[in-house]
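Q: Would you mind keeping the following structure in view while I ask a few things?
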């Protein structure tokens, strides 16, 4: 159950309608998933969040769209966001993630979490080889 | 400062030497970074951790080595592991991560953390469209 | 579903009844929310937790009650506690949090999480200006 | 030690100089703290991050500047960001946080973390009273 | 709702059947809990995870089985894994955890989280007495 | 570097002296480790924290002192508290934790973190067998 309720007539607010129209145009679909409906409880929060998602995730860049989705999914797992794990698993599959690649992402997330905790437990000193030379 | 101390003569233990030799052979380098030296305080922990890192990260698979390193880095940032942030930033650069790709990884990590927290704060319900059909 | 079950007749235990009576008197309401019912599986845990909540949250202090609730909510979001996000969103609203203030709390939580991760990813050195002078 | 190195002549890049000038003008100080210097390794990341910090933290709003800094500090503690704990403790003090208020923030952060974990451990069901009525 | 679906006829895959048979034999029960059914979406992930769980948790060692389950539970609470909190609370009870011991685990988890956050907030320097002498 | 500075003459404050005296008497040592010196920036915070640590950790209970320290250490690792990882590794060793037990704690922490993340990634449904029957 959500902690805020979006109004029934969300798109009667022109700021919200403009964002939803841009989501539909950018993604070439009529589907507006729930995060956008709930963020719309504050038009400014909706506008800023979509603007950033569009710039980072929906604009061609050096990383391909599937790699970006898998990175988003990995972060969402560690941050333990149920909604985001579902939406970005679906998103990565929509961008072509195979069952084997899905399993690979999970193996890396699991292994990294394991060695992250071991490094913290041991307080392993950073190798000088990894450090940049200050100028 | 670490919480355990590796002995000076680590490689006099044949189990440890075997792992270190395999690290050197697999990575084609003489450099053994600190995580392995400190994990060596328990030979079983060292063997199992290396076996898994080798299988997941150093064996050809559907994901390319750079993508795997960037995923590992993203997880290490969220888990807040200082050692791992340094080692996997260096690792990703060694596998070809450009400055622009590095910035992209950071933008995705930052954006995902932001929307993860917003989804949690709003307790956004998962869209039925994202759910799998149970058979 | 909970991992412990409170007995039906919770208040037949005088230690539990005393805490519940104090909650009702302090909050001027008959409503005892679930966290207290489930903590009652161990009377000592219930007593100590309520004593601390009462001292920190329900005793006049330099911070006003709404600011305290918003801080509690922000922590609960980052710690990803579903129950606490719901109870402290409701609590902050009961203490007067407006829709705009709610959105502001979420913007700060989201922005802080973003810059927290960027600082960790970059391992930004602390400016000497921020450090206290040891005496 | 950082994972990227800002160039010596940061402000020879007009995009970076524009952001730094705006930070100085907005904050009415010549001091540019390190997070901005290191974010400058990518001009886009610098511009976007400052734009958001300025809008959320340095623009008058319903929450007063001290409350906003204390919320930022609370989140930074839970996210375990060393740099941010230092910079936002200093920031809150600069905005008037007293020693007693500082201790109060810490007591709330500590108490919330405690009850967050207890709620998770007990999987306490959300009270129907806390749930919004779907329309 | 899960993000992957195990096939109906899981055990028609001989690799999966072998793991399930070993789980049944090791635990002396016909009950295969859900984590294993879902991990079976990738036979390699299933095999490796079970192999590690068997070695660490189901093999006699210096720590007794109940202590190991309580440690697993404590970690699962902090990592906020709903499934794991349920399965390891049940597991610890099955290995003899009393109601009082359960409450004790929760008190330690809650107290440690509290002092962990206080130490981070204060950036308490590590006492030289706690540091090992490098050889 | 800490974010608060304890005064030089901490024990000239009778409330602080009383706590420090009780720490020394309870632990049968003159050594007061840093967390107590820094918590002393607020006498109330110091008194309450010590009172809880004494009750939970330094009072005979159903769990033995070493098990309690290992649980505290496991939580501190996951919460990524550098100070606490050092102090509770030292504490567990002082209570008799062997090198093998230390390695076992780390193996459980690492394995649990791994399966916690896998369960979250897969959103594994809780088995009905693990759920308590509501009365």
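The values are calculated or read from the model by the stated rules, or taken from the named source; none is laboratory data. Remember, predicted model here, so these are calculated numbers, not experimental data. Note that each Cβ is placed from the backbone with ideal geometry, even for glycine, and that neighbours are counted across all protein chains shown.
Q: Out of curiosity, is residue C:82 within 14 Å of chain A (Cβ to nearest Cβ) and at pLDDT 95 or above?
A: yes
Q: Give me the pairs: first residue in the range D:50-78 and surrounded by fewer than 18 Cβ atoms within 10 Å (Cβ to Cβ), second residue at pLDDT 95 or above and outside any helix (DSSP H, G or I), beta-carbon distance under 6 Å, and six or more apart or on different chains, which are they?
A: Within 6 Å, the pairs are D:65/D:95.
Q: Mind checking which residues of the range A:79-103 are touching a residue at least 12 places away in the same chain (Cβ under 8 Å) and surrounded by 20 or more Cβ atoms within 10 Å (Cβ to Cβ)?
A: Those that are touching a residue at least 12 places away in the same chain (Cβ under 8 Å) and surrounded by 20 or more Cβ atoms within 10 Å (Cβ to Cβ): A:83, A:84, A:85, A:87, A:88, A:89, A:91, A:92, A:97, A:102.
Q: Here is a further query. Keeping to the range E:41-53, report how many residues are closer than 17 Å to residue B:49 by Cβ and under 12 Å from the mean Cα position of the chain (by Cα).
A: Qualifying residue count for the region: 3.
Q: While we're here: Residue under question is residue D:47, and the condition is that it be surrounded by fewer than 21 Cβ atoms within 10 Å (Cβ to Cβ) and either closer than 21 Å to residue B:107 by Cβ or away from chain B (no Cβ under 14 Å) (or both); does it hold?
A: Judged against the criteria, residue D:47 is a match.
Q: Pull up the range D:12-43, narrow it to residues that are in contact with a helix residue (DSSP H, G or I) (Cβ under 7 Å, 6 or more places away or on another chain) and exposed (fewer than 15 other Cβ atoms within 10 Å of the Cβ), then point me to the one that is farthest from the other protein chains (Cβ to nearest Cβ).
A: D:17
Q: For the range F:50-64, which residues satisfy the criterion of being farther than 17 Å from residue F:25 by Cα and either facing chain E (nearest Cβ under 7 Å) or part of a helix (DSSP H, G or I) (or both)?
A: Hits for the range F:50-64 are F:61, F:62, F:63.
Q: Please pick out the residue among F:69, F:62 that is over 12 Å from the mean Cα position of the chain (by Cα) and closer than 19 Å to residue E:77 by Cβ.
A: Within the list F:69, F:62, the selection yields F:62.
Q: On to the next question. Condition test on residue E:16, is it part of a helix (DSSP H, G or I) and over 30 Å from residue E:105 (Cα atoms)?
A: yes
Q: Do we find a residue being over 16 Å from the mean Cα position of the chain (by Cα) and under 30 Å from residue E:76 (Cα atoms) anywhere in the range A:76-99?
A: yes
Conditions tested, residue by residue: (1) part of a helix (DSSP H, G or I); (2) in contact with a strand residue (DSSP E or B) (Cβ under 6 Å, 6 or more places away or on another chain); (3) closer than 16 Å to residue B:27 by Cα.
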{"residue": "B:48", "(1), (2), (3)": "yes, no, no"}
{"residue": "B:76", "(1), (2), (3)": "yes, no, no"}
{"residue": "B:88", "(1), (2), (3)": "yes, no, yes"}
{"residue": "B:97", "(1), (2), (3)": "no, no, no"}
{"residue": "B:112", "(1), (2), (3)": "yes, no, no"}
